[in-house]
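Below: one structure, written as structure tokens.
The values are calculated or read from the model by the stated rules, or taken from the named source; none is laboratory data. Every value quoted in this text rests on a predicted model; they were computed, and no experiment measured them. Here the Cβ is made from the backbone with ideal geometry for all residues, glycine too, and neighbour counts use every protein chain on show. All accessible areas refer to the heavy atoms of the entire protein, side chains included, with ligands and DNA or RNA removed. Shrake-Rupley method; radii C 1.70, N 1.55, O 1.52, S 1.80 Å.
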Amino acid sequence: MSMPLRNIVAAIVLLAFGVGYGFLTLGLPDRLIPNVPGPSFFPSLISVALIVLSLALLVQGIRGLQGEPVFPDGVTIPWRSMCLMGLLVALAALLPIVGFLAVSIPFFAALMVLYGVRKPVYLAISAVIIPVVLFYLFSRGFNILLPRGILM
Amino acid sequence: MEDVALGFAQAVQASSLIATAIGVVLGLVVGMIPGLTISTGIIIVLPLTFTLAPNVSIALLLGLYVAGMTGGSFSAILLNIPGTPSACATALDGHPMAARGESGRALGIAIVASFLGGLFSFFCLYLVAPSLADLALEFRAADLFSLVFFGLTIICSFAAKSLIKGLISAVFGLSIVTVGQDPIMGTARFTFGDVNLLSGIHFLTALIGLFAIPQLIENLRNGGIAGSENKATSKFDNVFPSLADIKRMLIPASIGGPLGSFLGILPGAGGPIAAFISYDYARKVSKNPGDFGKGAVEGIAAPEAANNAVTGGALIPMMTLGIPGDPVTAILIGALLVHGLAPGPLLFLERGDFAYGLIFSFFWANIFNLIVALAGIRALVKVLKAPRVLLMPTIALLCVIGSYALRNSFFDIYVMVLFGFLGLAMKWLDMPVVPLLLALVLGPQLEEHLRIALAESRGDVSVFFTSPYSLFFLCLAAFSVIWSLILGPRMERAKQRALKNMDEKS
């Protein structure tokens, strides 16, 4: 996707956000004390700024579209990046249930595979040792209680 | 005077000195690895510091900050890949010297010049910071608003490509800080009835997602397995600079030190600009300007002294005014807030011992940086061959631990992942992240001072122009914007020209 088209997509999303934010701001109390700006004062300024800037980005994107290919050739989908983000989401979702150790070992192994490791023994040893060392370093060494999960 | 003595005593405690030394080692390693910035290094180490005493914690982080600048020059010299943006100028002469078989000499010059620059900025910090803090105690709400507004003009220098995108990034950041209780009346805003949102989005959680996650992805794209070995990294001569080299370093270091300290104080100027300006001046005053770009001693010393001097300079507004001079000091503000210490003029008044302890820890960080870098360079350079397949997953786990450990909350992990997506979206849009970061740091103060100032003046906005301090900061803000939008791009073009010349030579 070309940069002008990206700008247009972002501008529309931000415009929707700005309008939604402004709408929620209307529901906040205005002036609770005479002559003193209330809780809605600062968000009101922000929503106006967001809407104006989104419109400016929209105009910039539309102007930039002229004469540029919208979908340049050779664009590939970043599968590995998407996998990494997917793994992070899975880790965040599973952490409260299965705990740090149980989820971080497969997470670490999966990341090593993503970064290109293909040696199973090296992968298995590293994926166990490093999360275990981190777990005990933080929980014993620094008294930071990492989640053990509700299954344990 | 009592605070100075107490601060010195804090900085020379065994725990503080050990923390500084560990911070220095970590900083050298982080700075050296291309693809890891000092900001990311500090974010990774942050969770380790939560349970440490504030003075020990800040000593570790300062060690990392100071040494990170020097570490960046190692890979710039040895591999021609600057470890940090501030080390770009060092590569111009550092790598040619290393390429002709004088790696040790080039590294030694960089280390000693870094020390000289850092030492100069320590004296600036020690002498200027307390006086500035005294002055800042006289500021009223309108002055403080204008001051914070001036701090926010750093945004313009990070939005050279598109001012609109820089401003959107900042305004979006300001919208995030409005989530939670409002700072004056305590009214819940944009919480949707969720208890977790009442205390707002934690600045550090957002930071981890915004900075570290996109970096993990970036390293994924660049290929995970590193390990660089060439002529420059494989063999070293003596790293201790000769007397003749030290003599040649004095003039460029005396240019870089003051210049870096001054530019460090200015919001947004930062290490890369200081290094390039210093390099340029050193070439202008040199008797042999033709040697620059071919491995000149002055060409390494000037940018290295400047980028390390920036660290002390950037700490001045951070400590005295609560205004970050660069992204790293913005993170340091967050780290201090975690320990219940708010940087600003009251820091010297209420916790003078801690403030001076920080200044002296900065001094020790420079001393350790010199010793560790000179003595351990051979071992440290092995890090350049370390497999990133282990480093990157470890960083990912540390991001999760760091987010969770802040408040022992799973909610913060979700927020971190969400901000990771936001960081990627911003990269996709070529939108600068630093304005958002600054808005997260300065946003609450901006709103608070604005509302108090308007309440005091009964809604009269002229209060911002009638107070001499406020007017001064607004003028500075205007100057900062002009500097960023007119002079900044010029500097960037000069930098690009220099980098192009470097590429052609190599």
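Scanning the range B:181-202 for residues that are within 11 Å of chain A (Cβ to nearest Cβ) and small (Gly, Ala, Ser), we see that the one that is nearest to residue B:423 (Cα to Cα) is B:188. For the range B:296-337, the set of residues classified as open to solvent by 10 Å² or more (accessible area, probe 1.4 Å) and over 27 Å from residue B:435 (Cα atoms) consists of B:298 only.
Taking the range B:341-441 and the helices (runs of 4 or more DSSP H) fully enclosed by it, the elements with 1 or more residues that are open to solvent by 30 Å² or more (accessible area, probe 1.4 Å), within 11 Å of another protein chain (Cβ to nearest Cβ) and within 24 Å of residue B:204 (Cα to Cα) are at B:388-407, B:410-428. Across the range A:132-152, the qualifying residues are those that are over 18 Å from residue B:45 (Cβ atoms) and at the interface with another protein chain (Cβ under 10 Å from one of its Cβ atoms), and the one among them that is modelled with the highest pLDDT is A:147. Does any residue of the range A:118-130 turn out to be over 26 Å from residue A:83 (Cβ atoms) and either surrounded by 12 or more Cβ atoms within 10 Å (Cβ to Cβ) or facing chain B (nearest Cβ under 10 Å) (or both)? Checking the range A:118-130: not a single residue is over 26 Å from residue A:83 (Cβ atoms) and either surrounded by 12 or more Cβ atoms within 10 Å (Cβ to Cβ) or facing chain B (nearest Cβ under 10 Å) (or both).
Taken over the range B:310-340, the criterion of being among the hydrophobic types (A, V, I, L, M, F, W, C) and either touching a Cys at 6+ places or on another chain (Cβ under 8 Å) or assigned to a loop (DSSP other than H, G, I, E, B) (or both) is satisfied by B:316, B:323. Here residue B:67 does not qualify as at pLDDT 85 or above, open to solvent by 20 Å² or more (accessible area, probe 1.4 Å) and small (Gly, Ala, Ser). For the condition under 19 Å from residue B:363 (Cβ atoms), open to solvent by 10 Å² or more (accessible area, probe 1.4 Å) and of a type in the set (Ser, Thr, Tyr), residue B:131 qualifies. Restricting B:205, B:233 to residues that are modelled with pLDDT under 80, closer than 30 Å to residue A:116 by Cβ and in a helix (DSSP H, G or I) narrows the list to B:233. Among the numbered conditions (1) assigned to a loop (DSSP other than H, G, I, E, B); (2) open to solvent by less than 40 Å² (accessible area, probe 1.4 Å); (3) more than 14 Å from chain A (Cβ to nearest Cβ); (4) at pLDDT 85 or above, the only one that residue B:256 does not meet is (1).
Residues of the range B:459-480 that are of a type in the set (Gly, Ala, Ser) and part of a helix (DSSP H, G or I): B:470, B:477, B:478, B:480.
The residue that is farthest from the other protein chains (Cβ to nearest Cβ), counting only those in the range A:10-48 that are assigned to a loop (DSSP other than H, G, I, E, B), touching a helix residue (DSSP H, G or I) at 6+ places or on another chain (Cβ under 7 Å) and crowded, with 20+ Cβ neighbours inside 10 Å, is A:40. Screening the range B:1-24 for residues that are under 19 Å from residue B:44 (Cα atoms) and aliphatic (A, V, I, L, M) and picking the one that is nearest to the chain's Cα centre (by Cα) gives B:24. Of all the listed residues (B:451, B:458), the sole one being touching a residue at least 40 places away in the same chain (Cβ under 8 Å), surrounded by fewer than 24 Cβ atoms within 10 Å (Cβ to Cβ), basic (Lys, Arg) and at the interface with chain A (Cβ under 9 Å from one of its Cβ atoms) is B:451. Residues of the range B:1-14 that are outside any helix (DSSP H, G or I) and either out of contact with any helix residue (DSSP H, G or I) (no Cβ under 9 Å at 6 or more places or on another chain) or modelled with pLDDT under 85 (or both): B:1 alone.
The numbered conditions (1) open to solvent by 10 Å² or more (accessible area, probe 1.4 Å); (2) out of contact with any Gly (no Cβ under 9 Å at 6 or more places or on another chain); (3) closer than 19 Å to residue B:333 by Cα are all true for residue B:101 except (3).
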